[in-house]
């Protein structure tokens, strides 16, 4: 395999991680734990399938998927901000809820327990570099972290989000509406992370039951590994995607037992996070409800 093909496959794999990790950085910098990234992605993937199937348009599928992600983000925000529910428990509950509800509506809408019919998508035919370059979601994914870095570090909203994530009481004393900032961050997180699921559906031209397959948790690991910084989290996403690409190539070569090869991305994730936890400092108010 040439270097160009390896890089194109790594980028293809990295795009959903970049979207989901961007959503995780946004919410966690505002103080809300983003354990619900997997649910956002899966909800976005199913919404994209429904939208594209009904209208025949990939753009309509994209809009429907983002709407589903924003709706799930609103649910997470309502539970954790308005009702002060435990953020970790709420995140797990949303993930389980989305798995169940997508299976229910998959059966109801498409009379299938496994996958949707083929839907419209982005990109050219095949899996090469040219097909990848024709997909607008790939370029949007690549731009996600640089743009998010500008939003977090160079805008008024970003300054307020960082303030409420570090010291909500002090932010409140300066006239910042902590709840409003957190609502905006979590809903934006849901919409952004859902693009990872939208990408999967429109790239594969169908929705498959539980197709996100733990990508949301790997994206959360990238957020931690990147120390809640968009640029570093983006590099972590590329690192994990490269490991997954290597795993795919080793499986094809059959040089190592497939069970060990399949472990590579997850072992790397564990090692990376274990090396960072304890040495990195999360936002001070992460996981704490505002007083």
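The values are calculated or read from the model by the stated rules, or taken from the named source; none is laboratory data. These numbers were taken from a predicted model, which means no experiment stands behind them. Cβ: placed from backbone, ideal geometry, glycine included. Neighbour counts: every protein chain shown.
If you check residue 138 against the conditions, is it farther than 16 Å from residue 37 by Cα and in contact with a helix residue (DSSP H, G or I) (Cβ under 7 Å, 6 or more places away or on another chain)?
On the way: farther than 16 Å from residue 37 by Cα: yes; in contact with a helix residue (DSSP H, G or I) (Cβ under 7 Å, 6 or more places away or on another chain): yes.
Yes, satisfied.
Do the conditions hold for residue 25, that is, is it closer than 27 Å to residue 179 by Cβ, modelled with pLDDT of 95 or more and either in contact with a strand residue (DSSP E or B) (Cβ under 6 Å, 6 or more places away or on another chain) or in a loop (DSSP other than H, G, I, E, B) (or both)?
Judged against the criteria, residue 25 is not a match.
Go through (1) surrounded by fewer than 20 Cβ atoms within 10 Å (Cβ to Cβ); (2) closer than 27 Å to residue 104 by Cα; (3) touching a residue at least 12 places away in the same chain (Cβ under 8 Å) and name the single condition residue 54 misses.
It fails just one condition, (3).
Criterion first (touching a helix residue (DSSP H, G or I) at 6+ places or on another chain (Cβ under 7 Å), at pLDDT 95 or above and closer than 26 Å to residue 284 by Cβ) does residue 155 satisfy it?
Details: touching a helix residue (DSSP H, G or I) at 6+ places or on another chain (Cβ under 7 Å): no; at pLDDT 95 or above: yes; closer than 26 Å to residue 284 by Cβ: yes.
When the stated conditions are applied, residue 155 does not pass them.
Can you tell which of 105, 97, 46 is in contact with a helix residue (DSSP H, G or I) (Cβ under 6 Å, 6 or more places away or on another chain), on the phi < 0 side of the Ramachandran plot, assigned to a helix (DSSP H, G or I) and at pLDDT 95 or above?
Residue meeting the stated conditions: 46.
Given the options 235, 248, 256, 224, name the one that is at pLDDT below 80 and in contact with a helix residue (DSSP H, G or I) (Cβ under 9 Å, 6 or more places away or on another chain).
It is 256.
Identify the residue in segment 155-176 that is under 23 Å from the mean Cα position of the chain (by Cα), more than 30 Å from residue 48 (Cβ to Cβ) and without any contact (Cβ under 8 Å) to a residue 40 or more places away in the chain and, among all such residues, is surrounded by the fewest Cβ atoms within 10 Å (Cβ to Cβ).
Filtering segment 155-176 for residues that are under 23 Å from the mean Cα position of the chain (by Cα), more than 30 Å from residue 48 (Cβ to Cβ) and without any contact (Cβ under 8 Å) to a residue 40 or more places away in the chain, the one surrounded by the fewest Cβ atoms within 10 Å (Cβ to Cβ) comes out as 159.
Among the residues of segment 177-220 satisfying the criterion of being in contact with a strand residue (DSSP E or B) (Cβ under 8 Å, 6 or more places away or on another chain) and surrounded by fewer than 24 Cβ atoms within 10 Å (Cβ to Cβ), which is farthest from residue 39 (Cα to Cα)?
Filtering segment 177-220 down to residues in contact with a strand residue (DSSP E or B) (Cβ under 8 Å, 6 or more places away or on another chain) leaves 206-209.
From what is left, the residues that are surrounded by fewer than 24 Cβ atoms within 10 Å (Cβ to Cβ) are 206, 208-209.
Values: 206: 18, 208: 14, 209: 13 Å.
For segment 177-220, the residue satisfying everything is 206.
How many residues, within segment 184-235, are under 14 Å from the mean Cα position of the chain (by Cα), without any contact (Cβ under 8 Å) to a residue 60 or more places away in the chain and more than 24 Å from residue 115 (Cα to Cα)?
Counting residues in segment 184-235 that are under 14 Å from the mean Cα position of the chain (by Cα), without any contact (Cβ under 8 Å) to a residue 60 or more places away in the chain and more than 24 Å from residue 115 (Cα to Cα) gives 2.
Right, residue 62: touching a helix residue (DSSP H, G or I) at 6+ places or on another chain (Cβ under 7 Å), in a helix (DSSP H, G or I) and touching a residue at least 24 places away in the same chain (Cβ under 8 Å) or not?
Answer is yes for this residue.
Do we find that residue 287 is touching a helix residue (DSSP H, G or I) at 6+ places or on another chain (Cβ under 7 Å), within 17 Å of residue 35 (Cβ to Cβ), surrounded by fewer than 18 Cβ atoms within 10 Å (Cβ to Cβ) and modelled with pLDDT of 75 or more in this structure?
yes
Kindly provide the set of residues from segment 191-245 that are farther than 27 Å from residue 271 by Cα and part of a loop (DSSP other than H, G, I, E, B), ordered by number.
If the condition is that a residue be farther than 27 Å from residue 271 by Cα and part of a loop (DSSP other than H, G, I, E, B), then 205, 206, 207, 209 are the ones that fit.
Taking residue 13 as the residue in question, decide whether it is touching a helix residue (DSSP H, G or I) at 6+ places or on another chain (Cβ under 6 Å), surrounded by fewer than 24 Cβ atoms within 10 Å (Cβ to Cβ), in contact (Cβ under 8 Å) with a residue 24 or more places away in the chain and within 20 Å of residue 139 (Cβ to Cβ).
Considered against the rule, which asks whether it is touching a helix residue (DSSP H, G or I) at 6+ places or on another chain (Cβ under 6 Å), surrounded by fewer than 24 Cβ atoms within 10 Å (Cβ to Cβ), in contact (Cβ under 8 Å) with a residue 24 or more places away in the chain and within 20 Å of residue 139 (Cβ to Cβ), residue 13 comes out as yes.
Spot the failing condition for residue 127; the list is (1) at pLDDT below 95; (2) over 17 Å from residue 195 (Cα atoms); (3) in a helix (DSSP H, G or I), and only one is missed.
Among (1) at pLDDT below 95; (2) over 17 Å from residue 195 (Cα atoms); (3) in a helix (DSSP H, G or I), residue 127 violates only (3).
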